[in-house]
Every structure is written in C-alpha cells, then in structure tokens.
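Let me begin by presenting the structure, written as structure tokens, before commenting on it.
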Amino acid sequence: MALLVLSLVQLMDVLDGTIINIALPSAQAELGFTQDNREWLVTGYALTYGSLLLFGGRLADRFGRLRLLFVGLTGFAVSSAVGGAATSFEMLLSARIGQGLFAAALAPAALSLVSVTFANNPSERGKAFAVFGAVSGMGGAIGLTAGGVLTDQLSWRWCLYINVAIAAVAVLGTLLFVRDRGGVPGDSSSRSIDFAGAVLIAGGLGGIVFGLGNSAVDGWEAPATWLPVLGGGLLIAAFVAREMRAEHPLMPLSVILDRNRGAAYLGIAISGVGSFAVFLYLSYFLQQALGYSATAAGFAFLPFAGALVIGAGISGSALLPRFGPRPIIPAGCLASAASLLLLTRINLDTEYVTGVLPAILLAGFGTGLIFGSAQNVATSGVASSRSGVASALVNTMQQVGGAIGLALFTYVSATATDRYLSGHGGQQAQALAALASYHAVFWVAIGVFVVGAVITAATFRSGTIDLNEEAAPAH
C-alpha cells in the first residue's frame, strides 16, 4: 500500500509535465496572453523545479522524508488550485512556479521513501522499483491522453484541478500507509545544510535549463542562450569545487562518483534526452501529418505505457537481481534506438497500426528496461541520511536530460526544415519538410541512445548490485 501511494505521488509529478502542455493553447485563448508568455509557463516551472531539486532532497534528509512529502503534496495541490482558477497570465505563472517549488520537495521525498521502505529485501526492492520506474516512464503518455480528454471534454482548467484530487488521495494514503523507516537522521552532518552550495547548484542548474529553453526560440548564437548556459556551467564547477572541501556537503561526491550509481544517473539522463524525440515529434507527426486530434494522439501513446510496464517489470524484478544493471540498461538504450530506427521510415501515407504502433511498443519496452533498473541502482548503497540527495539526483538528471533534448531536437528540426525548403517547392513542400525534420530528429536520437548504450556498458560493473543502504560512506 505504501508503494501504491508513493507511485501515485510520482504519477502526479510526471503527469503534470505533459498534461499542462495540452492545456496551454486553450488557456492562451481564454486568458489572452502572448506566445512568448506561453513559453514562460513551461520555463517558469522547469526553472524552479530543476534548480531546487537537490536542495529539496537535502531538506528531506534534514527534516524527514515524510514531512517533506506532506509539505510538497499540500503546496502542489494549493498551487494547482490557484492555477486552475487563474484569471490572468500573472496568476497562472505564479501557480506554475509554485508547482515547481513544491514538486522539488515531493519528488525526491517520494523516491527516497521507496528506497528506505524496501532497503533490506532485495527481491521486494526490485519489484518496488519496477513499479515505480514504470510509473515514472509512462506518466508522460498518460498525461498526453488525460490532457486531451480533459481539455476537449471539460476545460483546460481541469488539467490543473486534477492534481488537487490526486494530492488529496495521496495525503490520505500517506497518513494511513507510509512510514519513514529510515527515520530522521541524527548525526550532525545530516542535520547541517550547505546553503552556499545550495545557491551555487540552484543557480547553475537554473542557468542551464533557462539557456537551453531559450535556444528553442532564439537559437544557439543568441546571448540569451549561451550566456546562461556558460554561467550555469561555471556555477556548477564552483559547486563541485566547494563540495570537495565542505565539511558537510550538500551533495557528497561519493553519491555520484560510484561507478554503478554514476552510470545509472547517466542512463536516466540519456533516456530523458532521447525519449523527448518520441513524445514530442511523434506527437507532431500524428497530429499534423495524419490529422489526429489531441485526444486521439494521446490515446495513440497508451500502448507505450503498457509496453513500459512489461519492460520495467522484467527489468526490475527478474533481470536486475540475477544479472545486475550492466546488460540491462544498455539493452534498453538499444531497444529505444531500434524503435527510432523504425520511425525513420514513416511517411505521409503511414498507417498507425503498421508504421507507428510497433515503434511505440518497442520504445515503451526499452524505456521500461532503463527505468526499471536505473532508479533502483541510483539509490542503492546510499546511507539513509543521503537517500534524499541520491533521489533528487534522479529527478535532476531527468529534468536536465529533457531540457537538453528540447534544445537539441528543436535545433535539428529547424535546420532540417530550412535545408529541405531551400531545395524543394510545390504544394506538399511544407508537409514534406516537416517529415524531413522528424526523420532528422529520429536519427540524432538514435545516435544519443547508441552512445548511451556504449558508455553505460563500459561504466557499469559486472555482477549484481549491493542493496545494503549503509554501504556508502557519509562523505
């Protein structure tokens, strides 16, 4: 029951990332804000969430995971209610920033609670992370479907109000079933917070997310793109230098420098980058080339969720305990690459069942292989006093991976479109240019996943993983 409740929390967190994208055009029409302002509703959330995740994980270690979960759920519900009732752009933007703030608290708290709840039983832990990983991966597909249905049948406002209902159920379930088995750490190191480090990492991650987001609109040559990215990189370098010297670091480097955990974080980031191509550009293809409505496009992605559940179940509960992560996560990357290879063959006459569905199923299975194991490995071997930070890094890698995917594929798509139009004309030129841009994005994403498979195969240690949560040193 605890796992069910915590998975519901994760579903709400992941769901919000895609469900709001379906709602924004309708919100723009009703509230009358500009296209640039619409982008800020996405960027404002991403900036707040991505930059504060590590600090949120540290607060969970400091004040207790359960306490931070309650704070996050309550704040997220209130922010969602304000957003649903918004009468102006400023009110909606404030609500989105509030959602990002409280999501940065609840996301690492939920994942670390799963980790400490199933810390001492490898078999149950594998099954738990298979479920949790499946929810993490399929939330995007469910969000597309739910967003289309709610917007078309009710109102864009219900894409925000639904979080209030989910949070209410999660709060009740947490009160009844969830216990912080790791307790509130009592050592002085876990009760100290490196505020200077928190400012550095928040500024660094915020700068990178902001700059990459600008690249989608302004291009890579614009100062609004490269200056924040450069500044963010310098702040992160300063953060790492500080953490090497700090007596009580915000992020003990041992958490991420362990080979298995580092490779798991990398696998999560690569999946965040590559999966962006499937969700965004395949959604464009379904709606713009095949004429699907938003609701129909959302339902078209539901098989992705089913295949992901199967992949995560096999990965987390059957394969990981026997073989360890080294063969599994690279296999997930290769399966995802193979799905994109199928998508390079789509054209304006492609049928969904024969041309799209096989790729969606393979992509879901590959993502399940990655998430079913990676989240488990990323939080294994970490002392309970560091589980919040280790869990926050999982969400941080997903967030940064998504930002990189948005920037990279927007650039590739725009370049491929311009190249096609410069050499072709005719009535179907725009449609064929869009198709050429999708193919270019899919080929680049294939490269991302293949490189990810090679790097993770080389980085992971052979054999099974150590699930003793006290295995890692405190610093």
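Would you mind finding the longest exposed-site-free stretch of the chain, with exposed GluC sites (Glu not before Pro) meaning DSSP loop and at most 13 other Cβ atoms within 10 Å? Walk me through the numbers on the way to the answer.
Numbers: sites that count: E221, E247, E351, E470.
Between the exposed loop sites, the longest stretch runs 1-220.
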How large is the dipole of the chain about the Cα centre if only Lys and Arg carry +1 and Asp and Glu carry -1, each at its Cβ, rounded to the nearest 20 debye? 920
For the stretch 369-436, using Cα atoms only, the Rg and Dmax in Å read 20.5, 63
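Can you give the Rg/Rh ratio of the stretch 348-472, where Rg is from the C-alpha atoms and Rh is the Kirkwood radius?
Numbers: Rg = 20.0 Å, Rh = 17.9 Å.
In the stretch 348-472, Rg relative to Rh is 1.12.
Which order do the peptides 360-367, 280-287 take when ranked by the mean count of other beta-carbon atoms within 10 Å per residue, highest first? Don't skip to the end; give the middle numbers.
Values: 360-367: 27.1, 280-287: 20.6.
In decreasing order of mean packing, 360-367, 280-287 become 360-367, 280-287.
Considering only protein heavy atoms and a 1.4 Å probe, what is the carbon-and-sulfur percentage of the accessible area of the chain?
On the way: 11650 of 17700 Å².
Here it works out to 66 percent.
Suppose accessible area is computed on protein heavy atoms with a 1.4 Å probe; arrange M138, M251 from highest to lowest.
Details: M138 40, M251 15 Å².
My answer, sorted largest first, is M138, M251.
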Distance between the stretch 294-373 and the stretch 394-456 - C-alpha centres, whole angstrom: 19
To the nearest 20 Debye, how big is the dipole of the stretch 1-159 about its Cα centre, given +1 on the beta carbon of each Lys and Arg and -1 on that of each Asp and Glu? 540
I need the P(r) histogram for the chain: all alpha carbon pairs, bin width 10 Å from 0 out to the longest distance, whole percents. 5, 21, 32, 28, 11, 2, 0, 0
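Any number yet on Rg/Rh for the stretch 1-107, C-alpha, Kirkwood?
Details: Rg = 14.3 Å, Rh = 14.2 Å.
In the stretch 1-107, Rg relative to Rh is 1.01.
On a 1.4 Å probe surface of the protein chains, which of S380, S88 comes out largest in accessible area, and what is the full order?
Numbers: S380 10, S88 40 Å².
So the residues, ranked largest to smallest area, are S88, S380.
For the chain, what does the helix formula give at 222 nm: sum of -39500 (n - 2.57) over DSSP H segments with n ≥ 4, over the residue count, nearest 500 deg cm²/dmol?
Estimated from H runs of four or more residues: -26000 deg cm²/dmol.
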Compute the normalised compactness of the stretch 298-362: alpha-carbon radius of gyration over 2.2 N^0.38 Å, N being the residue count. 1.29
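The values are calculated or read from the model by the stated rules, or taken from the named source; none is laboratory data. Just so it is clear, the model here is predicted, and its values are computed rather than measured. Note that each Cβ is placed from the backbone with ideal geometry, even for glycine, and that neighbours are counted across all protein chains shown. In case anyone asks, the SASA skips ligands and DNA or RNA and just uses the protein heavy atoms, side chains included. Shrake-Rupley method; radii C 1.70, N 1.55, O 1.52, S 1.80 Å.
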